[in-house]
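The values are calculated or read from the model by the stated rules, or taken from the named source; none is laboratory data. Please read these numbers as outputs of a predicted model, since none were measured by experiment. All Cβ positions, even for glycine, are placed from backbone atoms using ideal geometry, and neighbour counts span all protein chains on display. All accessible areas refer to the heavy atoms of the entire protein, side chains included, with ligands and DNA or RNA removed. Shrake-Rupley method; radii C 1.70, N 1.55, O 1.52, S 1.80 Å.
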Amino acid sequence: MLDTYNIGVLFKRELNSYFATPIAYVFIVIFLFLSGIFTFYLGNFFANGQADLRAFFTYHPWLYLFLIPALSMRLWAEERKTGTIELLLTLPISVIEAVLGKFLAAWVFTGIALLLTFPMWITVNYLGSPDNSVIFSGYLGSWLMAGGFLAIGSCVSAMTKNQVVAFVITAVVSLLFILSGLPMVLDFFSGWAPQLLVNAISSFSFLSHFNAITKGVIDLRDLVYFLSLIAFWLFAATLIIETKKAD
Amino acid sequence: MVEIENLKKRFGPFTAVQDVSFEVKKGEVLGFLGPNGAGKSTTMKMITGFLTPTAGRVNVAGFDIETEPQEVKRRIGYLPEGAPAYPDMTPLEFLDFIAQIRGYQGKEKQQRIDKTIEQINLQSVLNQSIETLSKGFKRRVGLAQAILHDPEVLIMDEPTDGLDPNQKHEVRSLIQSMAAEKVIILSTHILEEVDAVCSRAIIIANGRVVADGTPENLEARAPLHNAVTLTLNAEQSQAASIRQQLLSLKDVKKLEKLEESDNNLRYRLVPERRCSIISEVSKLSHAQNWSVAELHVAKGRLDDVFRQITT
């Protein structure tokens, strides 16, 4: 039912469109700049005196919180606004193929941005001898988390033709997913909700899963968490587009 | 080839399309007419699989849009209203993308693209981004996209809207040149276009088909179809007797005085059941030796028919 050829064609178009517009350059420059600032100033990379990239990865959830919605807001909202959604969905391509093609392009694009932080990796290897497998899992975790944010963003973008609305709602939903492991969210539920639900909410947290991976332990549960989260939001996006194609 | 049965579409409490049924065969160019909001675009969106009908069936070349949407979409070329295209792409990149999605690769893809570019005359803007193109060129890019795979069914929502007279003419010639091989459905507000390109016209109002026939057929439904305008050089004093003689002719239902001054009597004779009365009128004038300055038969105008049945 899924035609990988169709997904591939759309994927290429989407990925090229990032580089045909200033989006790619602005995003990459800001991402590299901010991740540098966060690592060296907020994260005290040098003062830590440790040959690892903890200081670098720690701030990724917060960086993604406002950068990813900026990337994802246009995914479907722009198609609705310009009317190209009518063109796209009357081509011999199914909605789920379109959702996947667009998502994968955005995800690979964030992967490219992430890979461009390689000077950080070179620096830490030059200064000391870090455990590169931990750094690798840090990158993997960061990319998976970016995928999670993007999937949320795809779904929200599918609901509206207004990109600003898509940005704000995606940021808020993403914030909930980051914070759901923290007391400020859990306290709200723990008073009245059953422990099972509280645990469930807590287990939805991006932070706990992300932190687990960045420690260098690639646990199947964390992988499954992010991948099923992505699958869930993309499925929701598909349903939304199927039922609400026009406007 | 395209069969539509009892199509219906509701948006919440609003019913855009009530009940539309028709069938179009290869070689037909079907013009979709109707006031704004009549349900033309909605019907087209359902045929192309963009909107899901609330009820009813769409069958294209033997495939049902609900059960085999991809098969239907493969056979349809569609120009949506406003000819949307990705603004940051150039026409060449855009057509390349469409060709790939349509399943063409390598040499065949290149041939398809080249042929389409030539057919639509896009050579001069191939490497300019679509957002910088004029309205006419944007429309052409949309058309190119729709005909690239030489579809069996071509559906165009207002293909000439916003084009200048030369561009309109080009688009119409293009449509005519493809007509024999395809089913073409187009919507328009411009009634002269129906005369120019369509072999059949359907008028939709309030979500229903209110008229279906050849343009000539529809024109014959105009209230003044076959009405005769007669101008005589005669004295005003004879007017009363002339009027009476004209009215006594077979099938003349009504006589309208357009002008009655000395040496110039103008009347419009409206026939019964829109039948032809010109020969009777001419015979009478001859027999009476009237000096006829003008004798003219009105052909019904689509505009009048349109207004009559949609208001």
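What is the magnitude of the charge dipole of the protein assembly as shown about its Cα centre, with +1 placed on the Cβ of each Lys and Arg, -1 on the Cβ of each Asp and Glu, and no other charges, expressed in debye to the nearest 20? Can you show the working numbers first?
Working: 51 positive and 55 negative charges, 81 e Å.
The dipole of the protein assembly as shown has a size of about 400 debye.
Kirkwood hydrodynamic radius (Cα pairs, Å) of chain A? Walk me through the numbers before you get to the answer.
Numbers: mean 1/r = 0.0528 Å⁻¹.
Value: 18.9 Å, from the Cα pair sum.
Run through all the Cα pairs of the range B:40-99 and give the fraction in each 10 Å bin from 0, expressed as whole percent.
21, 43, 29, 8
Could you work out the relative contact order of the range B:2-219, using alpha carbon pairs under 8 angstrom and six or more residues apart, expressed as a whole percent? Working shown, then result.
Details: 413 pairs, mean separation 66.8, N = 218.
Relative contact order of the range B:2-219: 31 percent.
Evaluated at 4 °C with a viscosity of 1.567 mPa s, what Stokes-Einstein diffusion coefficient in µm²/s does the range B:1-119 have when Rh comes from the Kirkwood expression over alpha-carbon pairs?
The diffusion coefficient I find is 80 µm²/s.
Multiply the residue gap between B:R243 and B:R307 by 0.36 nm, knock off their C-alpha separation, and tell me the result in nm, one decimal place. Walk me through the numbers on the way to the answer.
Values: separation 64, 0.36 × 64 = 23.04 nm, distance 3.02 nm.
Taking 0.36 nm per residue and subtracting the Cα distance, the gain is 20.0 nm.
How are the Cα pair distances of the range B:114-209 distributed, in percent, across 10 Å bins from 0?
Calculated P(r), rounded to whole percents: 14, 48, 30, 7, 1.
What shape does the range A:6-58 have by the C-alpha gyration tensor, where a ≥ b ≥ c are the square roots of the eigenvalues, rounded means a/c under 1.5, and otherwise prolate means a/b greater than b/c and oblate the rest? Present the calculation step by step, with values, prior to reporting the outcome.
Values: a/c = 6.12, a/b = 2.58, b/c = 2.37.
In terms of gyration-tensor shape, prolate.
To one decimal place, what Kirkwood hydrodynamic radius in Å is obtained for the range A:54-99 from all pairs of distinct Cα atoms? Mind dumping the intermediate values first?
Working: mean 1/r = 0.0785 Å⁻¹.
Taking every pair of different Cα atoms in the range A:54-99, averaging 1/r and inverting gives 12.7 Å.
Which value, in Å to one decimal place, does the Kirkwood hydrodynamic radius take for the range A:122-247 when every pair of different Cα atoms is included? Write down the numbers at each step before the final one.
Numbers: mean 1/r = 0.0615 Å⁻¹.
About 16.3 Å for the range A:122-247.
Starting from the Cα of A:K102, draw a straight line to each of the aspartates and glutamates and keep only those under 13 Å, dropping any in the same chain fewer than 8 residues away.
Here the aspartates and glutamates satisfying the reach criterion relative to A:K102 are A:E14, A:E78, A:E79.
Angle between the Cα long axis of helix A:95-115 and the longest principal axis of chain A, 0 to 90 degrees, nearest 10?
Helix A:95-115 and the main axis of chain A meet at about 30 degrees.
Given a 10 angstrom Cα cut-off, can you work out which residue in A:L179, A:L15, A:L88 is the most mobile in a GNM of chain A?
A:L88
What whole-number value in Å² describes the accessible area per residue of chain A for a 1.4 Å probe?
Working: 11070 Å² over 247 residues.
Result: 45 Å² per residue.
Between 0 and 90 degrees, rounded to the nearest ten: what's the tilt of helix A:4-20 against the longest Cα principal axis of chain A?
Once rounded, the angle reads 70 degrees.
Tell me, what is the Rg over Rh of the range A:83-168, with Rh the Kirkwood radius over Cα pairs?
Values: Rg = 17.6 Å, Rh = 15.4 Å.
Rounded to two decimals, Rg/Rh equals 1.15.
Mean separation of Cα pairs under 8 Å and 6+ residues apart, divided by the residue count of the range B:158-241: what relative contact order is that in percent?
Dividing the mean separation by the residue count of the range B:158-241 yields 18 percent.
For helix A:60-72, report the angle its Cα long axis makes with the longest principal axis of the Cα atoms of chain A; keep it between 0 and 90° and round to the nearest 10°.
Rounded to the nearest ten degrees, it is 20.
Check the straight Cα-Cα distances from B:K253 and name the aspartates and glutamates below 16 Å, setting aside those fewer than 8 residues away within the same chain.
B:E272, B:E280
Determine the total buried accessible area between chain A and chain B, counting protein heavy atoms only with a 1.4 Å probe; round to the nearest 100 Å². Don't skip to the answer; put the middle values down first.
Numbers: alone 12300 and 15160 Å², together 25040 Å².
Approximately 2400 Å², summed over both chains.
So, for the range B:1-118, what is the accessible surface per residue at a probe of 1.4 Å, expressed in square angstrom? Working shown, then result.
Numbers: 4810 Å² over 118 residues.
With all protein chains present, the range B:1-118 gives 41 Å² per residue.
Which whole-number percent gives the relative contact order of the range A:4-243, counting Cα pairs below 8 Å spaced six or more residues apart?
Values: 290 pairs, mean separation 64.4, N = 240.
Averaging sequence separation for qualifying contacts and normalising by length gives 27 percent for the range A:4-243.
Could you look at the protein assembly as shown and say what percent of its accessible area is carbon and sulfur, using a 1.4 Å probe and all protein chains?
Details: 14230 of 25040 Å².
It is 57 percent, rounded to a whole number.
Among residues other than B:S134 whose Cβ falls under 10 Å from its Cβ, what is the net charge (Lys/Arg +1, Asp/Glu -1)?
Numbers: positive: B:K135, B:K138, B:R139, B:R140; negative: B:D164.
Every neighbour counted, the sum reads +3.
When the convex hull of the C-alpha atoms of the protein assembly as shown is computed, what volume per residue in Å³ does it have?
Details: hull volume 115.1 nm³, N = 558.
Output value, Cα hull per residue: 206 Å³.
Based on alpha-carbon centroids, what's the gap between the range A:1-39 and the range B:183-209 in Å, whole number please?
So the separation of the two Cα centres works out to 44 Å.
Debye sum, Cα scatterers, the range B:246-311, no solvent: what log₁₀ I/I(0) at q = 0.12, 0.18, 0.22, 0.24 1/Å?
-0.38, -0.77, -1.04, -1.17
Among B:T214, B:P91, B:G142, whose Cα projects farthest towards the positive end of the dipole of chain B, with charges put on the beta-carbon of Lys, Arg (+1) and Asp, Glu (-1)?
The residue sitting farthest along the positive end of the dipole is B:T214.
Antiparallel versus total DSSP beta bridges in the range B:2-219: what percent is that, nearest 5?
Values: 19 of 37 bridges.
Roughly 50 percent of the beta bridges in the range B:2-219 run antiparallel, per DSSP.
How big is the gap, in Å, between the Cα center of the range B:25-94 and the Cα center of the range A:72-123?
Distance between centres, Cα-based: 26 Å.
Could you bin all the Cα-Cα distances of chain B into 10 Å bins starting at 0 and give me the percent of pairs in each, rounded to whole numbers?
Histogramming chain B at 10 Å steps yields 6, 23, 25, 18, 12, 10, 5, 1, 0 percent.
List, in the order given, every pair from A:K81/B:K40; B:K115/B:K299; A:K161/A:K215; A:K245/B:K25; A:K244/B:K115; B:K45/B:K168 whose Cα-Cα distance in the structure shown is over 31 Å.
Details: A:K81/B:K40 21 Å; B:K115/B:K299 41 Å; A:K161/A:K215 40 Å; A:K245/B:K25 29 Å; A:K244/B:K115 36 Å; B:K45/B:K168 23 Å.
Exceeds cut-off: B:K115/B:K299; A:K161/A:K215; A:K244/B:K115.
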